1. Taking the stated definitions as given, is MET143 under 18 Å from GLU70 (Cβ atoms) and among the hydrophobic types (A, V, I, L, M, F, W, C)?
2. Checking GLU269 against (1) in contact with a Ser or Thr (Cβ under 7 Å, 6 or more places away or on another chain); (2) at pLDDT 95 or above: exactly one of these is not met. Which one?
3. Which ranges mark the strands (runs of 3 or more DSSP E) fully within region 201-283 that have 3 or more residues being more than 10 Å from the ligand (Cβ to nearest atom)?
4. Does at least one position in region 112-119 carry a residue that is of a type in the set (Asp, Glu), within 16 Å of the ligand (Cβ to nearest atom) and in contact (Cβ under 8 Å) with a residue 24 or more places away in the chain?
5. Return the total of residues in region 62-99 being under 19 Å from GLY168 (Cα atoms) and either touching a Ser or Thr at 6+ places or on another chain (Cβ under 9 Å) or not hydrophobic (A, V, I, L, M, F, W, C) (or both).
6. In region 26-41, what count of residues is obtained for those that are within 6 Å of the ligand (Cβ to nearest atom), β-branched (Val, Ile, Thr) and either modelled with pLDDT under 85 or under 12 Å from ASP262 (Cα atoms) (or both)?
Amino acid sequence: MGLTMEEIAIGIKEKKYKNIAFMVGAGISTGAGIPDFRSPETGLYANLEKLNLPYPEAVFDIDYFKKHPEAFYTLADGLYPGKYSPTKFHKFIKKIQDAGLLKRVYTQNIDTLERLAGVDEKYMIEAHGSFAKNFCIECKHSMSVEEIKEAMWGEDFEKSDKKGKKVGIPRCKNKICKNKKQGGLVKPSIVFFGEQLPKSFFQALEDDLPDEVDLAIVAGTSLTVQPFASLPTMVNCPRILFNDERVGNIGRKRNDVVVIGDCDEKIEEFCKLIGWSLDEEEEEGSNETEETEEEGGGVEAAEEKVEEIAKELEKVELEGDKEDDKHDKKGS
Ligand code: CNA
């Protein structure tokens, strides 16, 4: 007989697992109101029809972006950090950190909700990048998060001929940009299909896997985007999956546990088994920040925190930026 969910919970309670790695994806953020990619009907791919994409993944295709940047920026309009608050699952990751049991958080998400939940950046590997840094795709000149937001939603966009568009397209302001006419297109440092993953991802793999992790918690991911999808196959320890469907090969090894269902609900049950509660941390209010909260500080506080995170990330990413790995993010 292999392990059970209860046994893993007791192992956490008794600090048997001291180096826990999370491998997570969009499903841990759907509870915050951010759609994932592949859930039928609610997923982003199901909702991209209005953008007339030739195929859904085109929204993250660099060649398509060069011709139709409005597709990515329409998506970014919905996903941009600052609009959402962490879920119970994010809070659970923080609990593991607070208990001194966290080794690493490998995330495919670009929403920065782990950081907003208080997970320390030293544990974070944002495998598919983030919105923190932005570069002109022609001259590589950088643009701050503030400038990006201004271009997307600020006065210039308000005054422009919007033609039904929800969001403006940031253009390079470098006077010597190669694109003299309009300024080159500016893109956040989100990893598009065919682009390199951050060096920090491969460094962490080298440091952590296979033997430095004693429990892998996989959650909210379809495990279809490589190389991330291979992470759970690279550990020699018990693996527990929280997802609303079976994914990858989890469940096939003796010490695998598969917990099917909504990951926020299941993680609450799991916490109870550990003897933890996620409730005391819920005073921050509902998940999706209400637009009507203009004076309440909810949106502002979240935005400030995002700015802080963006600055932190900018520092870290600048250091790791001289990366030239040949590894690509491969499409599913
Ligand atoms: P995906 O391919 O959309 O898969 C999500 C998985 O989570 C699926 O198996 C769903 O069934 C499952 N799921 C969805 N909601 C829940 C829930 N509440 N409880 C349990 N399971 C749930 O997403 P992946 O992350 O695997 O794909 C990788 C892409 C998604 C990365 O390149 C990301 O950048 C990208 N993405 C990120 C975000 C974000 O930052 N929040 C949002 C959408 C897409």
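The values are calculated or read from the model by the stated rules, or taken from the named source; none is laboratory data. All values derive from a computational prediction rather than experimental measurement. We place every Cβ from the backbone using ideal geometry, glycine too, and count neighbours over all the protein chains shown.
1. yes
2. Failing condition for GLU269: (1).
3. 215-219, 256-260
4. In the first step, residues of region 112-119 are kept if they are of a type in the set (Asp, Glu); the result is 114.
Then drop every residue that is not within 16 Å of the ligand (Cβ to nearest atom), which leaves 114.
With in contact (Cβ under 8 Å) with a residue 24 or more places away in the chain added as a condition, the list becomes 114.
Scanning region 112-119, I find at least one residue that is of a type in the set (Asp, Glu), within 16 Å of the ligand (Cβ to nearest atom) and in contact (Cβ under 8 Å) with a residue 24 or more places away in the chain, so the answer is yes.
5. The total comes to 14.
6. 1
Let's see how each residue does on (1) in contact with an Asp or Glu (Cβ under 7 Å, 6 or more places away or on another chain); (2) surrounded by 18 or more Cβ atoms within 10 Å (Cβ to Cβ); (3) of a type in the set (Phe, Trp, Tyr):
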{"residue": "GLU57", "(1), (2), (3)": "no, no, no"}
{"residue": "GLU70", "(1), (2), (3)": "no, no, no"}
{"residue": "LEU79", "(1), (2), (3)": "yes, yes, no"}
{"residue": "ASP98", "(1), (2), (3)": "no, no, no"}
{"residue": "ARG104", "(1), (2), (3)": "yes, yes, no"}
{"residue": "GLY118", "(1), (2), (3)": "no, no, no"}
{"residue": "LYS133", "(1), (2), (3)": "yes, yes, no"}
{"residue": "HIS141", "(1), (2), (3)": "no, yes, no"}
